[in-house]
1. Can you name every residue in region 149-162 that is among the hydrophobic types (A, V, I, L, M, F, W, C) and free of Cβ contacts under 8 Å to residues at least 60 places away in the same chain?
2. For region 38-68, enumerate the residues that are closer than 17 Å to residue 152 by Cβ and either touching a residue at least 40 places away in the same chain (Cβ under 8 Å) or among the aromatic types (Phe, Trp, Tyr) (or both).
3. Is it the case, given these coordinates, that residue 85 is farther than 19 Å from residue 262 by Cα, at pLDDT 95 or above and more than 18 Å from the chain's Cα centre (by Cα)?
4. Confirm whether residue 26 is closer than 24 Å to residue 258 by Cα and either at pLDDT 95 or above or of a type in the set (A, V, I, L, M) (or both).
5. Out of the residues in region 233-272 meeting the condition of being assigned to a strand (DSSP E or B), under 19 Å from the mean Cα position of the chain (by Cα) and of a type in the set (A, V, I, L, M), tell me which one is surrounded by the most Cβ atoms within 10 Å (Cβ to Cβ).
6. Could you grab the pairs with beta carbons closer than 6 Å, sequence gap of 6+ or different chains, first residue in region 313-325 and farther than 14 Å from residue 284 by Cα, second one among the small types (Gly, Ala, Ser) and exposed (fewer than 11 other Cβ atoms within 10 Å of the Cβ)?
7. Give me the pairs, please: first residue somewhere in region 167-190 and over 20 Å from residue 122 (Cα atoms), second residue anywhere and modelled with pLDDT under 95 and surrounded by fewer than 20 Cβ atoms within 10 Å (Cβ to Cβ), beta-carbon distance under 7 Å, and either six or more positions apart or on two chains.
8. With the requirement that a residue be surrounded by fewer than 21 Cβ atoms within 10 Å (Cβ to Cβ) and part of a loop (DSSP other than H, G, I, E, B), what does region 101-125 give you?
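The values are calculated or read from the model by the stated rules, or taken from the named source; none is laboratory data. Bear in mind the structure is a predicted one, so any value in this text is a computation, not a measurement. Here Cβ is always computed from backbone atoms with ideal geometry, including for glycine, and neighbour counts include all displayed protein chains.
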Amino acid sequence: MLYYESNFLYMSILVSGSLVYDHIMNFPDSFKNHILPDSIHILNVCFIVDRLEKSWGGTAGNIAYTIKLLGNEPTIVSSLGKDGEEYLKHFKKNKINIDHIKVDEKQFTASAHITTDADDNQITAFFGGPLDLAGGINLQDTKEEFSLAIISPTQKEVMIKHMKECSEMGIKTMFDPGQQITAFNESELQKMISQAHFVIGNDYEIKLLQERTGWDTNEILKNTKVLIITLGEKGSLIKTAEGEEVSVGPCHPVSFDDPTGAGDAFRAGFLVGYELGYNWKMCGQIGSVAASYAIETYGTQAHTFTKEEFCERYKHAYDETLNLV
């Protein structure tokens, strides 16, 4: 589907990934103070949390939400369970395309129970529920025209299928293996990287990806076009197959309420920046500004901003003018 705004023509961004109900908890101490290294074989700990919030989550939902805030049109490809109606209402309220979300009337929606300690370390328990249903969605059958796509963490088979279909359709695709890296074997990861235009992960994930594939950074860039490494409070690093290396500074948030979802917001910002034709540095900076908003709210889809507010923060952080059409 084609969209017009201010005489600018753009197409929808396909977002394949998980839809999850997040249960986000805050532990006001450090995990390390409650885990005895010599007794891990009989680990039995209880973390008393001082805050619990249920919120919308999952990689597809988080990324699509921020893409929409930035003025583009995301199309989610994912699945929900029998309790998914409130999530669908949330998307409808925010005018996000739900045409390619399957609903399983037997299982509950996937859920994540995320506990963050005082050092921003996280422990997560995850239930996948009906996420594998999204594998039954054939991207070739969709009516939309996609300029970009992101294959973000969900069931491995779904990621493999949708990456293959995006490659066959000639869509520039971002491979975001995230916490699913260990679910893939070496050859599967190598193939996914080779089918992608972008590969993205934080510094730990990229190191793990290198270990699992046996490919160093140079070898990865022989098989994909762009490698994006997020570095938390240090910003990000973008490397290209042409030999470019761009260091991107962070955008410091006003407050540090909850880091969950910041990476997804970064991905949304980067993709929208690329869609608008900005250079690598500006794409990364747009991602960093989007991430800063996510960090300032408790929950992964609770942040809000207008385009004007976003551009003002961008200007303040980088002393550059940004125009979100």
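1. First pass over region 149-162, keeping only residues among the hydrophobic types (A, V, I, L, M, F, W, C): 149-151, 158-160.
If the condition is that a residue be among the hydrophobic types (A, V, I, L, M, F, W, C) and free of Cβ contacts under 8 Å to residues at least 60 places away in the same chain, then 160 is the only one that fits.
2. The first filter runs over region 38-68 and keeps only residues closer than 17 Å to residue 152 by Cβ, leaving 56-68.
Hits for region 38-68 are 56, 57, 58, 59, 60, 61, 62, 63, 64, 65, 66, 67.
3. Working: farther than 19 Å from residue 262 by Cα: yes; at pLDDT 95 or above: yes; more than 18 Å from the chain's Cα centre (by Cα): yes.
Yes: the conditions hold for residue 85.
4. On the way: closer than 24 Å to residue 258 by Cα: yes; either at pLDDT 95 or above or of a type in the set (A, V, I, L, M) (or both): no.
It is false that residue 26 is closer than 24 Å to residue 258 by Cα and either at pLDDT 95 or above or of a type in the set (A, V, I, L, M) (or both).
5. Result: 248.
6. 325/6
7. 169/140
8. Correct list: 104, 105, 106, 107, 108, 117, 118, 119, 120, 121.
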